[in-house]
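In what follows, a single structure is set out as structure tokens and then discussed.
The values are calculated or read from the model by the stated rules, or taken from the named source; none is laboratory data. What you see is a predicted model, and the numbers here were worked out from it, not measured in a lab. Note that each Cβ is placed from the backbone with ideal geometry, even for glycine, and that neighbours are counted across all protein chains shown. Each accessible area value is taken on the protein alone, full model and side chains, heavy atoms only, with ligands, DNA and RNA left out. Shrake-Rupley method; radii C 1.70, N 1.55, O 1.52, S 1.80 Å.
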Amino acid sequence: MGPETGLAGGEGPRWDEDASALGKELLPGCPACPPLEPKARVMNLPQGVFSAFPLQSSAYLLPSLPHPYSNEELRPAAGLAQVNFVACQLFALLAAFWFRIYLSPSKTSSVVRHAFATIFGIYFVIFCFGWYSIHLFVLVLMCYGIMVTASVSNVHRYSFFVAMGYLTICHISRIYIFNYGILTTDFSGPLMIVTQKITTLAFQVHDGLGRRAEDLSAEQHRLAVKAKPSFLEYVSYLLNFMSVIAGPCNHFKDYVAFIEGRHIHMKLLEVNWKQKGVPGGPEPSPTGAVIRKLCLTLVSLLLFLTLTKAFPVTCLVDDWFVHRAHFLTRLYYLFMVMQASKPKYYFAWTLADAVNNAAGFGFSGVDENGNFCWDLLSNLNIWKIETATSFKMYLENWNIQTAAWLKCVCYERASWNPTVLTFILSALWHGVYPGYYFTFLTGILVTSAARAVRNNCRHYFLSSKALKAAYDVATWVATQLAMSYTGAPFVMLAVEPVVTLYTSMYFYLHIISLLIILFLPMKPQARTQRRPETLNSVSKTKTD
């Protein structure tokens, strides 16, 4: 890119100084701030940056880049992309009810169910993304060719490198060809979901046909695919209307069992094997779960529309915030801005979960109280996120299906430092914006420090309920502040605003984490041996 963009010679992007009028028009200032004077050009992006769905937030900070269209001309197109996304998901919800009732396995064959699920999915993709949808179809066809022709000992490697390579090329094009993602429509979200499914299936085929059963973990053995899928099964799994727009990723064996009508029975058999006294009666209905999740999506949407106006991300680079606000005030606003950004993910992921449930997919068994559960495909646990008392607990309940994918294709297979490699893969999957790498590098540091603190300190607070309660409160505050600090670069994307923010915060969490790692032993000194913890890092993490 030319020197006008501020990217020549590896420098960070420069920021417009004359955008205050636009900033005041689009966003109110912080509630306690003087009139907002943003240092950045404010522009709607076609995709939320924490994860893979095309629902954008109200405003993001974007580097000042030349573009043939003004922001005013782009905003209607961006708004149309939002409307298309929501319209597709609502139509998919109606189609899912129809699919479950009129194309139930008892009334029609699995071939017909596969075909209708695929046709609807292709239609939604074309409706939302136009000619950009060809990228999905090209990738699917290429990887099916690999699935058919490659040996079982190499099918996972070839599929992984082709799918991740194609996705990375598309991510790079959004920055260096299409000016940081300024497109009327952004196809990278569905491409990210398809990449997850392609690689998951390839590894599971490799497990089922190319490895000995005794070398597999219990989970790998359960999910291993014993025969290569047919073309119809392959495209149905990747492009079905229930998950092609917003996910989530799911396992091939679960999906095929759902299409063939074995899904619920299979899960009930697993429960019967594990516990007795499972309630009998008619087949579980997803209607109650769908209604609850739709109510949650409505609340999430209202919170998003309200909170992002009160706490816009431009607060974080405002002159008042950077140079004059008290440090504790900066902590508060950083926390509130990041809290305000979360409801849109709650909305999109919960709606996607409801669509799958409405079609009859997502039954996970019976809980300890004998109630039927429909959370097999759930991408988050909001209560556990908001009450998390550790970095690990937060990450395990944010973008759950992406965390499962990272574990399947990277963490449990890595021969060298699986935590670092998992964070790197998560960053590459999300894209090539510099902010992603700030977040994941910081995440590695904070995760290591959090483990050290927990291993060395937690047992001192377990002797009484009062001490345990105090420990939980302190770790909740620390976790929420750490996640806000770590996740902020995901919103800001470019180098300069991230450096500006972290400088204004004195890089406090980086420094504290380094000191903890340097002076606390990474293993407890006098404790019984514990099972090694498995990092469930995500992507998204709010740091994925």
Largest to smallest accessible area among ARG113, ARG292 [probe 1.4 Å]: ARG292, ARG113
Gap separating the Cα centres of the stretch 226-258 and the stretch 87-166, nearest whole Å: 7 Å
Highest average packing first - 363-376, 460-473, Cβ atoms within 10 Å: 363-376, 460-473
Inter-label distance for TRP416 and ALA469, nm, one decimal - labels placed 7 Å from Cα along Cα-to-Cβ: 5.0 nm
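Computed FRET efficiency, Cβ-Cβ of ILE424 and LEU518, R0 25 Å: what is it to the nearest 0.05?
0.60
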Spatial separation of Cα centroids for the stretch 442-494 and the stretch 323-355, in angstrom: 18 Å
SER109 versus GLU386: modelled label distance in nm, points set 7 Å from Cα along the beta carbon direction: 4.9 nm
Order of exposure, largest accessible area first, which applies to THR419, THR149 with probe 1.4 Å: THR149, THR419
Solvent-accessible area per residue for the stretch 269-415 (1.4 angstrom probe, square angstrom): 42 Å²
Computed E for LEU141/CYS295 - FRET, C-beta separation, R0 41 angstrom, nearest 0.05: 0.55
